[in-house]
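Quick note: the coordinates plus some simple rules give every number you see, no bench work behind them. Given the structure is predicted, the values throughout are model-derived calculations rather than measurements. In this analysis, Cβ positions are derived from the backbone assuming ideal geometry, glycine residues included, and neighbour counts consider all displayed protein chains.
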Amino acid sequence: MPQETQRLALLKLLEQNPNYSQRELAQVMGVSLGKANYCLHPLIEKGFVKFGRFCHNENKTIYAYLLTPAGIEEKTRIVRSFLQRKEAEYDTIQQEIAALRRDFPEAQLAEVTSP
């Protein structure tokens with residue numbers, strides 16, 4: 001999974017459930033615990049995610065990962081970039097399909113695709 005894709009997946013997961021543990025994040029993402037930790041720490045260092053105890057719970061081991069406003073902006077930036085890339089790919093594929101249809105009339109395509 002490319003780094004930006006992992007970053008987006010992690011930001012989305014934390015936005016949905018800030019109480020995920022690193023182990024749960026790793027499991028949901030399908031990566032090792034070390035990889036989840038490796039992906040998470042730069043987000044914290046860059047200020048996209050805030051980590052700490054945010055509730056006055058008696059269980060002091062409960063932590064949360066909260067998206068900061070910068071984290072929400074980063075998630076939006078990644079989604080926008082991903083969408084632009086996919087739309088460009090889609091346009092290219094549509095052009096390729098149109099060219100193939102011009103080059104091969106329907107009768108020829110039917111012969112090629114028939115068993």
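Structural remarks
- Once the Cβ-Cβ distance of residue 98 and residue 5 is raised to the sixth power relative to R0 = 41 Å, the FRET efficiency obtained is 0.90.
- With R₀ fixed at 41 Å, the C-beta to C-beta distance from residue 50 to residue 90 puts the FRET efficiency at about 0.70.
- Summed side-chain charge close to residue 36 - residues other than residue 36 whose Cβ falls under 13 Å, Lys, Arg +1, Asp, Glu -1: +2
- Linear extension gain, residue 64 paired with residue 81, 0.36 nm per residue minus alpha-carbon span: 3.3 nm
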